[in-house]
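Right, one structure below, let's go through it.
The values are calculated or read from the model by the stated rules, or taken from the named source; none is laboratory data. Nothing here was measured: the structure is a model prediction, and the numbers come from that model. Using ideal geometry, Cβ is built from the backbone for each residue, glycine included, and neighbour counts are taken over all protein chains shown. Surface areas here come from the heavy atoms of the whole protein model, side chains and all, with no ligands, DNA or RNA. Shrake-Rupley method; radii C 1.70, N 1.55, O 1.52, S 1.80 Å.
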Amino acid sequence: MSTTAFYSNKDEIYSTYHGNDLGSVYTPECTAFKVWAPSAEQVLLKLYSTGSFYEEGAQVIGIKQMLYDASTGVWSAAIDGDLKGVYYTYVIKTEKGTHETQDVYSRAVGVNSTRSEVVDLKATDPEGWDSDRHVLPDKPNDAVIWEIHVRDFSSSDTSGVSKEHRGKFLAFTEENTVIPFTSYPTCVNYLKQLGITHVQLNPVFDFGSVNEITGVEYNWGYDPVNYNVPEGSYSTDAYHGEVRIKEFKQMVMALHKAGIGVIMDVVYNHVYSTADSPFEKTVPGYYFRMQDGKFLNSSGCGNVTASDKVMFRKFMIDSLRYWVEEYHIDGFRFDLMACHDIDTLNEIRAELDKIDKRILMYGEPWTANDGENGISGEDCCNKSNAKKLSDRIGMFNDDMRHGIKGGSDDDSKGFIQGSTHSAYNVIAGMMGASSVTFGNWANEPSQCITYASAHDNLTLWDKILKSNWCDDFNTTDKLYIGQNKLAAVLILSSMGIPFMLAGEEFARTKRGDHNSYKSPDSINSINWTRIVRYSQLVDYYKGLIQIRKAFSPLRDNTTKAVNDGYIVYNGQTISLTIKNDTEGEWKMISVIINNSDNACAPQIKSQYELPKRWYIIANGDSASAKATDIFDPEDNIPPHSALIIVDADSYDKINGTEPLKIEKKVEPKIEISSEIKEMLK
Ligand code: CA
């Protein structure tokens, strides 16, 4: 008995179609409709005046029998005249019954997405769209990714965004936003200064859990309805399908203008409602993995799509290409990527490469339920199979995440809270999961997404507090901030691709809510005043990002830097020392982390000659690409703090500066809280 694919392409029972014109294709003279429905006995095209039956003037304005081509499985119809803004459905009769459905390939839909819309895409382009350009990293490891939910970004009045744009795509287009009555930048204005390169948006395709008419529910949106349509509740007008398309493009353009790329979180692994899905209504039983007539459930959401089938694989590829070409999307994060098969992801990589090899691709290397995936463990995109995937398909390094902070939702401790048994996972992660010595599930650091927190589970801050038995979410206790800083060093000064949940850098709290997918705005929305309260932490992240940008081995996508690196763990400190051959950069860096309760001297080693003099660029208080002090190898590193030092000779050469002659510890260290600083301004 075969243990490989439950269903493979060679088992395809239907005629398949390889054209790129499925859906409705508009011209002012004529609109062509094509739907792949090989098991249908009859398909009717139904035209409507509105996107829903309850809008004023709702009526059926035409019904047309579609024609079948048995060689491709495609039903088609063409209607003369200008159909821009006309809504439509297909009425599909199969042996499973007759169902009315929107188009699987919908590019626009009406409110709450039950009818498709004929759209003139060109007319949705905002002014200046022709000159909008992708923001793509030269290599994947140049990216610094910040994960944000559209609504959370601006739903709070602390965002300073105008009321009508709060929680919407258009919030991203507001420039110079500040916390009301202050000069503290918020939203995109803030991101420009933070230094991140890309935002990853939680689902922005059309999902089903939020009623687009009332918009009162909150949801992360991991419940896809129409994959090729932006979500209506994020638009200022969910009724007219073209509005959200234009507003989405305006958001992308504003981020690009700020120098920030846009990564979409794509959830091709399941659909919101199996029975109501256009996929199931169009070709019953085809698009999902099934066993004995039952929908499999590796997504944990009641169904799992069949990426291994010809026409769903084609759908994924078409959809991703569409987001890149029509919306200028710069990268994709695949939800529950292990639900998908390896061949599909590699084929997607090859297809995206035809557009631009720099488009980012990475995903979650797990399912919600391996037992119901329908494809063998050898065929799915999990960490053990990373080496069968392209070097440019990344995976979240959950071992590192666990090592950094302990269990995601419990009160266990990880490395940053002083645990020693987490050191191994941390070390392996610092090497981009690509070191032969320390465990290498990844081909190269370009496959390793390094992170401490994401939308799932407790925020990093809440986790730190829980593991320290603290329930004051607004505390500024130095111990907890210090632990957060250690996480920041581990994420931003390791090899791999750094990733963080929005607000990790200002101690974002969801007040202990570990699964806020449908919790109210009061839990989820960003409280921008925290950038003031935790300004020292924000500055620390900023500084670490600057250091990362200044030292290219940390951003090496190959194992060269891994091989040039040397890690020592002495039970109290980890030091990672890396040589650098890049002209015009520091020749060597050492990243040292002391997670113990005692001050101790680090052991710094390298297979190359160590510098005679070192400068400190980051310590437990601050971080920047600028030297602040001389490092004496005899010096102790304070407990629970990090130190980043660089070769002093190359530093002086690059900066054209005289060697630092800082008298050590002449100035007493004075701590001024951000509130006081504000008063002194
Ligand atoms: Ca929706």
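Brief remarks follow.
- Charge dipole magnitude, Cβ of K and R +1, D and E -1 - segment 408-486, Cα centre, debye nearest 20: 300 debye
- In terms of the mean number of neighbouring beta-carbon atoms within 10 Å, the peptides 453-466, 61-74, 408-421 order highest first as 453-466, 408-421, 61-74.
- Selection among Y566, I526, S590 by position relative to the dipole of segment 525-605 gives I526 as farthest towards the positive end (Cβ unit charges, Cα centre).
- log10 of Debye I(q)/I(0), alpha-carbon scatterers only, for segment 140-396 at 0.11 Å⁻¹: -0.60
- Restricting segment 569-660 to trypsin sites (Lys or Arg not before Pro) that sit in a DSSP loop and have at most 11 other Cβ atoms within 10 Å of their own Cβ leaves K612.
- Applying a DSSP loop filter and a limit of 13 other Cβ atoms within 10 Å to the chymotrypsin sites (Phe, Trp or Tyr not before Pro) in segment 166-225 leaves F181.
- Taking the empirical scaling 2.2 N^0.38 Å for compact globular proteins as reference, the chain has a Cα radius of gyration ratio of 1.01.
- Mean separation of Cα contacts under 8 Å, 6 or more apart, over the residue count of segment 47-89: relative contact order %: 42 percent
- A simple charge model with +1 on the Cβ of Lys and Arg, -1 on the Cβ of Asp and Glu and nothing else charged puts the dipole of the chain at about 1000 debye relative to its Cα centre.
- Solvent-free Debye scattering, log10 I(q)/I(0), computed from the Cα coordinates of segment 561-655 at q = 0.19, 0.23, 0.25 Å⁻¹: -0.85, -1.22, -1.39
- Calculated mean residue ellipticity at 222 nm for the chain: -6500 deg cm²/dmol, from DSSP H runs with n ≥ 4 weighted as -39500 (n - 2.57), summed, divided by the residue count and rounded to 500.
- Between Q65 and V436, the C-beta separation translates, for a Förster distance of 60 Å, into a calculated FRET efficiency of about 0.40.
- Extreme residue, positive dipole direction of segment 1-113, given options G23, G110, G97 (C-beta unit charges): G97
- Of K34/K354; K413/K605; K192/K549; K413/K518, pairs whose Cα-Cα distance is over 20 Å: K34/K354; K413/K605; K413/K518
- Accessible carbon and sulfur surface of the chain relative to its total accessible area, %, 1.4 Å: 51 percent
- Ordering P230, F334, L458 by the projection of their Cα atoms onto the charge dipole of the chain, which places +1 on the Cβ of Lys and Arg and -1 on the Cβ of Asp and Glu, puts L458 at the extreme positive end.
- Summing charges over all other residues whose Cβ lies under 11 Å from the Cβ of L490, with Lys and Arg as +1 and Asp and Glu as -1, gives +3.
- In this structure the chain gives 38 Å² per residue of accessible area when probed at 1.4 Å with all protein chains present.
- Working from Cα pairs under 8 Å separated by at least six residues, relative contact order for the chain is 10 percent.
- Placing +1 on the Cβ of every Lys and Arg and -1 on the Cβ of every Asp and Glu, with no other charges, gives segment 497-552 a dipole of roughly 20 debye about its Cα centre.
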